[in-house]
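The values are calculated or read from the model by the stated rules, or taken from the named source; none is laboratory data. Only a predicted model underlies this, so the values are computations on that prediction, with no experimental measurement involved. Backbone-built Cβ (ideal geometry, glycine too); neighbour counts: all protein chains shown. Please note that ligands, DNA and RNA were not included when accessible areas were found on the heavy atoms of the full protein model with its side chains. Shrake-Rupley method; radii C 1.70, N 1.55, O 1.52, S 1.80 Å.
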2 protein chains.
Amino acid sequence: MRADAGLRDLVGYRMKRAFAVIQADLSRVLEPFGLRMIPFSALVVIARQPGIGQGQLAAALAVERSNLVAPLDGLEARGLIRREAVPGDRRALALKPTPAGLTLAEAALAAVRAHEARLMAGVSEADVAALFRACAAIETVPEREETSG
Amino acid sequence: MRADAGLRDLVGYRMKRAFAVIQADLSRVLEPFGLRMIPFSALVVIARQPGIGQGQLAAALAVERSNLVAPLDGLEARGLIRREAVPGDRRALALKPTPAGLTLAEAALAAVRAHEARLMAGVSEADVAALFRACAAIETVPEREETSG
DNA sequence: CGAAACTGATTATATAGTATAACTATTCGT
DNA sequence: ACGAATAGTTATACTATATAATCAGTTTCG
């Protein structure tokens, strides 16, 4: 009997354990780039979508706007992104990657992909595809307020 | 183009998003039982393996021993578990569920299973099986110090 | 026997992630 | 013009997790 019997058939428990491994690996991979998960994700999205606003970015990454301020401060201080004024709206700031930011984004993304390939070496292509389908389905489950009625 | 393009093919990113949904649902499910994730997991394992030690429990759940002390204090204070002295070793404490603890463990586990079923309603049996296989494979990836040599 | 190394549990502390509320400045709707 | 809504920021709190140090008790072995 496994030491955590009773929990091993729970999707949440299993994903937590697996994700912890991925997260630890990811942290090691990003460390030489001076990035952590949120700044990394933000930088990649900004690189792909120059001019995106902070609110849009927060929505895209499913994090609170307020929790993005410090990470973006860090990226800006390192000269990886800039916050540009938006002509029509003086509240908004357009996030744009600098050339250094673009370079770092691509390099970090390549490193992450390489390490993920290693992490998933023991998983078949078909199972990876199933994993992605399952994640997509879970992500889109409705929030279940008043399911009755 | 999705707002988080460039990240959506990363396993870590997708699992993080999906796990966040599961975690939020799990918190809601456990709330009426007065449990959170770690105490819940601990209680279930203790219920299944009466007499387990805190170090063993920590290893089983992959958490640090020190991070288990407060949750176990809570469970003990609520009369759900007891820490019994171990005859042969006066350092060790054997964790045992009380009748109330056993009852609550089973009720909470049933509720969690029911809600997971709802959460996974849109995922085929085969894909769930693949998800479990993928998680198992990821969990057992070696720690990768000196891969070269 | 008795010192050193080890183990089980605990305490204290630091860091990261996340959630919430409140605030400023600006824009929009009427 | 006025109130509501929006973009960004600040402050704060709570949870999770990691680490080091401490204390009591046990084991090893000269």
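I'd like to know if the range B:25-37 contains one or more residues that are within 9 Å of DNA strand D (Cβ to nearest atom), open to solvent by less than 30 Å² (accessible area, probe 1.4 Å) and free of Cβ contacts under 8 Å to residues at least 60 places away in the same chain. For the range B:25-37, residues within 9 Å of DNA strand D (Cβ to nearest atom), open to solvent by less than 30 Å² (accessible area, probe 1.4 Å) and free of Cβ contacts under 8 Å to residues at least 60 places away in the same chain: absent. For the range A:10-37, a residue qualifies if it is more than 8 Å from every other protein chain (Cβ to nearest Cβ) and among the acidic types (Asp, Glu), and exactly one does: A:Glu31. The conditions of being in a helix (DSSP H, G or I), under 19 Å from B:Met15 (Cα atoms), basic (Lys, Arg) and under 21 Å from the mean Cα position of the chain (by Cα) are met by B:Arg133. For the range A:14-24, the set of residues classified as touching a residue at least 12 places away in the same chain (Cβ under 8 Å), within 15 Å of B:Ala136 (Cα to Cα) and within 13 Å of DNA strand C (Cβ to nearest atom) consists of A:Ile22 only.
All of (1) buried (at least 16 other Cβ atoms within 10 Å of the Cβ); (2) within 10 Å of DNA strand C (Cβ to nearest atom); (3) of a type outside the set (Ser, Thr, Tyr) hold for B:Ile81 with one exception: (2).
Quick check: is even one residue across the range A:12-35 of a type in the set (Phe, Trp, Tyr), under 25 Å from A:Thr103 (Cβ atoms) and touching a helix residue (DSSP H, G or I) at 6+ places or on another chain (Cβ under 7 Å)? Yes - at least one qualifying residue is present in the range A:12-35.
Quick check on B:Ser66: is it among the hydroxyl-bearing types (Ser, Thr, Tyr), open to solvent by 30 Å² or more (accessible area, probe 1.4 Å) and either under 21 Å from B:Thr103 (Cβ atoms) or more than 10 Å from chain A (Cβ to nearest Cβ) (or both)? Quick ask: steps written out before the conclusion?
Working: among the hydroxyl-bearing types (Ser, Thr, Tyr): yes; open to solvent by 30 Å² or more (accessible area, probe 1.4 Å): yes; either under 21 Å from B:Thr103 (Cβ atoms) or more than 10 Å from chain A (Cβ to nearest Cβ) (or both): yes.
Considered against the rule, which asks whether it is among the hydroxyl-bearing types (Ser, Thr, Tyr), open to solvent by 30 Å² or more (accessible area, probe 1.4 Å) and either under 21 Å from B:Thr103 (Cβ atoms) or more than 10 Å from chain A (Cβ to nearest Cβ) (or both), B:Ser66 comes out as yes.
Please tell me if B:Leu80 is touching a strand residue (DSSP E or B) at 6+ places or on another chain (Cβ under 8 Å), closer than 21 Å to B:Ser27 by Cα and within 16 Å of DNA strand D (Cβ to nearest atom). Considered against the rule, which asks whether it is touching a strand residue (DSSP E or B) at 6+ places or on another chain (Cβ under 8 Å), closer than 21 Å to B:Ser27 by Cα and within 16 Å of DNA strand D (Cβ to nearest atom), B:Leu80 comes out as no. Note on the range B:89-108: among residues that are within 14 Å of DNA strand D (Cβ to nearest atom) and open to solvent by 80 Å² or more (accessible area, probe 1.4 Å), the one that is nearest to A:Arg17 (Cα to Cα) is B:Arg91.
Taking residues in the range A:89-104 that are away from DNA strand C (no atom under 16 Å from the Cβ), and partners anywhere that are open to solvent by 70 Å² or more (accessible area, probe 1.4 Å), the pairs with Cβ atoms closer than 7 Å and at least 6 places apart or on different chains are A:Lys96/A:Pro50; A:Lys96/A:Arg82; A:Pro97/A:Pro50; A:Thr98/A:Arg82.
The residues of the range B:60-71 that are within 12 Å of DNA strand D (Cβ to nearest atom) and among the small types (Gly, Ala, Ser), listed by number, are B:Ala62, B:Ser66, B:Ala70.
Only residues that are facing chain B (nearest Cβ under 10 Å) and either in contact (Cβ under 8 Å) with a residue 24 or more places away in the chain or in a helix (DSSP H, G or I) (or both) were counted across the range A:47-57, and they come to 5. Taking the range A:114-125 as the range and being open to solvent by 30 Å² or more (accessible area, probe 1.4 Å) and facing chain B (nearest Cβ under 7 Å) as the test, only A:Gly122 passes.
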